[in-house]
Amino acid sequence: MGKQASADQKIGLALSGGGSRAIAFHLGCLHALHELGVLDKVSVLSTVSGGSVIGALYANHQGPFSEFEATVRAFLVKGLIWPSVRKMLTTSEGVKAILCWSLIVPINAAIFVASKLTWVVSFLLPSEQRSALRLDILHSPVRRFASRTTILRRVFEEEVFKGIRLRDLPPNRPLLVVNATDLRTGSAFYFSSHDSGSWRLGTLANKNVTLGQAVTASAAFPLMLPALDEYMPFNKKDGSRRVERVNLSDGGVYDNLGLAPLWPDRDPSISLNVAQVDSIICCRAGYGLRFDSAKQTVISRLNSAFACIHDRAQNAGIKRLFDLQRSGVLKNVLLPFLGQDDSRLEYPPDDLVAREDVFAYPTDFCAMSEEWIDNLSRRGYQLTYALIAEHWPDLLDDGAS
């Protein structure tokens, strides 16, 4: 990793996904970076899922860091489960979600049965005629207009972010890029105060996107929450405007580290929110090595396969990150990692919160105890300082001056 720091350095900060565990860990990382004056030098803040929650809270906060930390801690203690249950029971969104579910489930079941029956019957026909009888392209005519995810969106919009829009974020904060995934095109979908959209669909024509909508899309973990199913108007590169249907899901499906918007070789003629950075800090709240039990059911195998692909994709991103540093494209790289092998730290503090004490905390948004908040955030704080001392010591000198 690099050793030089300069006043004109352009730093990108990525906050990974990982539910409330990521929020607490990132809080400690941000605290350390704040003490060293590094947060003031960050030009782009790229966030995913749980990282998007704390990133959005930071991007919208005006005031001392201590107040921001108190806000994040209060959010973690409260969690999102019970606020979502209350919203479901006390607003029309819960009724709409039940109605939508009652329509979509039987329609999709009927389509599934019909497609499988025609698939079986098609084998009675000559091979060249089978494709005409199969109904694999059928899909429900009913859009998922309400779900657990739209209930969560109301919690974010009404209780957490108070209806603030992306375009209203304070200009003295880093550019916030909230990462989501469009499942229909398999591409990244970025929300920011500059431009929102994707390279496949174009630039979102509606500039009134709320911070709550962006964070909800980024945090909609597909195994637990349906995608946000919406029609949106996009401005195309040829000057036309077209309404497209999007299925927005967790940004971690595409890139759980949030590094994609920070890569130095992005082409502004193709990609959105291209910002030039020469140093990257990536706070990663993921697990260490897995050693799961044997898988004997279809669901358990699929879950394990998903986790394996997910881990490998993140490892590839980390390798690319350090390859860019070694080649001189990036000046500095820093990776505070929850699953860090503590024995490899050159300057560990005497009271280091061990990896084994925290890394198994689940990646959900349930209420978190003060003890867990303290342990996870303290590990983030300690690792950030230890890694800076080892790999980017000029930041310590800058913070002390």
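The values are calculated or read from the model by the stated rules, or taken from the named source; none is laboratory data. Computed from a predicted model, the values in this text were never measured in an experiment. Note that we place each Cβ from the backbone using ideal geometry, even for glycine, and neighbour counts take in every protein chain shown. To get the accessible areas, we keep the full protein, side chains included, count just its heavy atoms, and leave off ligands, DNA and RNA. Shrake-Rupley method; radii C 1.70, N 1.55, O 1.52, S 1.80 Å.
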Limited to segment 50-75, what total is found for residues that are within 17 Å of ALA367 (Cα to Cα) and open to solvent by less than 10 Å² (accessible area, probe 1.4 Å)?
5
Quick check: is even one residue across segment 192-213 over 15 Å from the mean Cα position of the chain (by Cα) and within 23 Å of LEU39 (Cβ to Cβ)?
yes
In segment 194-208, residues that are modelled with pLDDT of 95 or more and in contact with a helix residue (DSSP H, G or I) (Cβ under 9 Å, 6 or more places away or on another chain) total 1
In segment 357-401, residue modelled with the highest pLDDT [restricted to those that are open to solvent by less than 10 Å² (accessible area, probe 1.4 Å) and outside any helix (DSSP H, G or I)]:
MET368
With the structure loaded, tell me whether LEU76 is over 15 Å from ARG148 (Cα atoms), touching a residue at least 12 places away in the same chain (Cβ under 8 Å) and either touching an Asp or Glu at 6+ places or on another chain (Cβ under 9 Å) or not in a loop (DSSP other than H, G, I, E, B) (or both) or whether it fails that test.
yes
SER304 vs. criteria in contact with a Ser or Thr (Cβ under 9 Å, 6 or more places away or on another chain), in a helix (DSSP H, G or I) and either among the aliphatic types (A, V, I, L, M) or closer than 26 Å to THR363 by Cα (or both):
no
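Would you be able to tell me the number of residues in segment 79-121 that are of a type in the set (Asp, Glu) and open to solvent by 80 Å² or more (accessible area, probe 1.4 Å)? Reasoning before the result, please.
First pass over segment 79-121, keeping only residues of a type in the set (Asp, Glu): 93.
If we keep only those that are open to solvent by 80 Å² or more (accessible area, probe 1.4 Å) as well, we get none.
Of the residues in that region, 0 qualify.
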Is there a residue in segment 229-247 that is at pLDDT 95 or above and assigned to a loop (DSSP other than H, G, I, E, B)?
no
So which residues in segment 202-216 are in contact with a strand residue (DSSP E or B) (Cβ under 8 Å, 6 or more places away or on another chain) and in a helix (DSSP H, G or I), if there are any at all?
LEU211, GLN213, ALA214, VAL215, THR216
